[in-house]
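To start, the structure itself, in structure tokens.
The values are calculated or read from the model by the stated rules, or taken from the named source; none is laboratory data. Note that this is a predicted model, so its numbers are computed, not measured. Counting neighbours? That spans all protein chains shown, and the Cβs are built from the backbone with ideal geometry, glycine included. For the accessible areas, the whole protein counts, side chains as well, though only heavy atoms, and no ligand, DNA or RNA atoms are used. Shrake-Rupley method; radii C 1.70, N 1.55, O 1.52, S 1.80 Å.
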Amino acid sequence: MPTYNRADLAFERGEGAWLWTGDGRRFLDFGSGIATASIGHAHPHLVQAIAEQAARVMHTSNLYRIPQAEKLASRLVETSFADSVFFCNSGAEANEGMIKAVRKYHAEQGHPERFVTICFEGAFHGRTLATLAATGNEKYLAGFGPAVQGFRHVPFGNMNALRDAIDGTTAAIMVEPIQGEGGVRPASLDFLRQLRAAADEFGILLALDEVQTGMGRSGKLWAHQWAGIEPDVMSSAKGIGGGFPLGAILAKERVAQYLKPGTHGSTYGGNPLACAAGNAVLDVILAPGFLDGVDRVARHLWRGLLELAHRHPAVAEGVQGAGLLVGLKLRPEVSNGEMQNAAAAEGLLTVAAGMNVLRLAPPLIITEAEADEALRLLDRACLRCTPSKARDAAK
Ligand SMILES: *Cc1c(COP(=O)(O)O)cnc(C)c1O
């Protein structure tokens with residue numbers, strides 16, 4: 001179906017942060033298949049885990065115990081706020097389940113009228129009918145019939161608007177610690193703390209969408225850890241499988257307890273193959289010093305990007321995001337699509353995001369030398385995109 005605007009590139013092979021096309025062209029991948037190939041391409045440990053599991057047993061369904069899923073769930077519980085995990089296959093599915101979980105919680109508490117999730121302008125939560133309603137973007141909703149009920153949107157970062165929106169129908173606040181698709185816009189740490197406080201004050205749940213920000217992308221395992229808060233429930237996907245489709249809902253027991261047999265499910269969710277991949281990714285990310293390394297290389301990249309933005313004021317306005325989820329905010333005269341093409345022409349893969357931002361989300365395993373190489377290629381892409389008037393003025 002004509003769903004996508006694809007670039008005319010097809011990759012045959014990858015290694016670490018690099019991809020090669022069939023005709024031998026090499027690209028530095030600072031998109032990671034949209035923040036998903038978290039430990040790079042063809043990571044030997046991930047490849048081996050998938051190959052070995054595929055040769056044993058791939059799929060049995062949730063009619064039976066799945067040791068690989070039990071292991072992955074207990075490791076996620078040990079390293080997060082959560083008591084309990086549900087596995088699925090994508091970010092939208094994780095969010096869909098998270099929305100069901102917050103509604104069920106209030107229904108079981110005797111408050112079925114509390115079914116509204118407050119979301120934020122600029123959010124992205126997925127493409128299923130409910131997550132589309134949670135996303136709330138008119139462009140994405142158009143033509144798909146009546147939006148699923150139970151979502152309300154307020155401006156991102158506006159605590160007064162958020163508090164005004166809370167009433168007797170509110171079930172939860174759902175937020176990305178850093179809006180990814182919406183433009184790599186970080187919530188301030190103070191805003192996240194105030195959301196936690198408001199949720200506690202009104203007896204509603206704090207639901208974090210860490211599909212893009214989680215699994216080490218921010219330099220901590222979960223981005224909300226920078227704020228020192230804990231959600232009640234959280235979604236994860238993208239980087240959690242390192243490129244293998246895997247999603248998860250993590251929750252406190254007081255929420256998870258109500259998702260009894262028959263309330264929710266997935267045929268594929270958490271199958272042996274997907275969880276073997278998830279465990280292999282966790283082996284890498286939880287290895288001593290790995291996240292410190294992500295933080296270090298991210299700070300190196302940020303320093304270079306801030307200099308680059310300073311050197312190219314006719315192209316870039318600033319740098320935003322956190323860790324290795326970075327947005328280069330572009331001047332209105334330069335579109336992010338144009339900049340993305342210019343970067344690709346120089347051999348650097350990036351991803352556009354909302355609000356005219358060029359998104360960089362390299363694999364978490366990049367070296368400082370690879371960050372420097374990306375900066376060099378981006379510098380050339382900036383020259384390609386410098387409007388001719390600005391170029392003349394600089395002469
Ligand atoms: C990508 C994304 C989703 C949707 O994930 P899919 O796997 O495409 O369904 C949801 N929320 C956020 C924050 C995302 O970045």
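I want the antiparallel fraction of DSSP beta bridges within the stretch 44-285, as a percent rounded to 5. Mind showing how you got there, number by number?
On the way: 11 of 26 bridges.
Counting only bridges with both partners in the stretch 44-285, antiparallel ones make up about 40 percent.
Got the relative contact order for the stretch 44-285 handy, in percent, Cα pairs under 8 Å and 6 or more residues apart?
Working: 474 pairs, mean separation 74.0, N = 242.
About 31 percent, as a whole number.
Given a Förster radius of 51 Å and the C-beta distance between residue 292 and residue 393 as r, what FRET efficiency does 1/(1 + (r/R0)^6) yield to the nearest 0.05?
Numbers: r = 43 Å, r/R0 = 0.85.
Computed FRET efficiency for residue 292 and residue 393 comes out at 0.75.
Quick one: go through the stretch 146-172 and flag any residue whose amide nitrogen is under 17 Å from the point 7 Å out along the Cα-to-Cβ line of residue 121.
Counting only backbone N, you get 152-166.
How far apart, in nm, are the 7 Å Cα→Cβ label points at residue 169 and residue 26?
The two pseudo-label positions are separated by 5.8 nm.
In terms of the Cα gyration tensor, with a ≥ b ≥ c the square roots of its eigenvalues, is the stretch 38-79 rounded because a/c is under 1.5, prolate because a/b exceeds b/c, or oblate? The partial results should precede the final answer.
Details: a/c = 2.92, a/b = 1.21, b/c = 2.42.
Note, shape of the stretch 38-79 comes out oblate.
Using a Förster distance of 45 Å, how high is the FRET efficiency between residue 303 and residue 202, based on the Cβ-Cβ distance and rounded to 0.05? Walk me through the numbers on the way to the answer.
Details: r = 41 Å, r/R0 = 0.91.
Calculated value: 0.65.
Treat each spin label as a single point 7 Å out from the Cα along the C-beta direction, and report the residue 383 to residue 60 distance in nm.
Result: 5.9 nm between the two label points.
With label points built 7 Å along Cα→Cβ from the Cα atoms of residue 266 and residue 142, find their separation and express it in nm.
Here the answer is 3.1 nm between the modelled labels.
Rounded if a/c is under 1.5, else prolate if a/b is larger than b/c, else oblate: which is the chain, with a ≥ b ≥ c the root eigenvalues of its Cα gyration tensor? Show your work: numbers first, answer last.
Values: a/c = 1.85, a/b = 1.28, b/c = 1.44.
Oblate shape, in that a/c is at least 1.5 and b/c is the bigger or equal ratio.
Which order do peptides 3-14, 114-125, 166-177, 289-300 fall in by mean Cβ count within 10 Å, highest first?
Numbers: 3-14: 10.1, 114-125: 23.5, 166-177: 21.7, 289-300: 16.5.
Ranking, from highest mean packing down: 114-125, 166-177, 289-300, 3-14.
Residues of the stretch 213-252 with backbone nitrogen within less than 17 Å of a virtual label 7 Å along the Cα-to-Cβ line of residue 83, please, listed as ranges.
230-234, 249-252
Sequence neighbours fewer than 8 away in the same chain don't count; with that in mind, list the lysines whose C-alpha is under 21 Å from residue 104.
252, 260
Once each part is reduced to its C-alpha centroid, what is the distance from the stretch 45-66 to the stretch 184-200 in angstrom?
38 Å
What part of the accessible area of the chain, given as a whole %, is carbon or sulfur when the probe is 1.4 angstrom?
Numbers: 9290 of 17430 Å².
Its accessible area is 53 percent carbon and sulfur atoms.
At 1.4 Å probe radius, can you tell me the per residue accessible area of the stretch 44-285 in Å²?
Numbers: 9800 Å² over 242 residues.
Here the residues of the stretch 44-285 average 41 Å² of exposed surface.
Run the reach check for residue 329 against lysines, Cα to Cα strictly under 22 Å, same-chain hits fewer than 8 apart removed. What comes back?
Those lysines meeting the cut-off are 139, 389.
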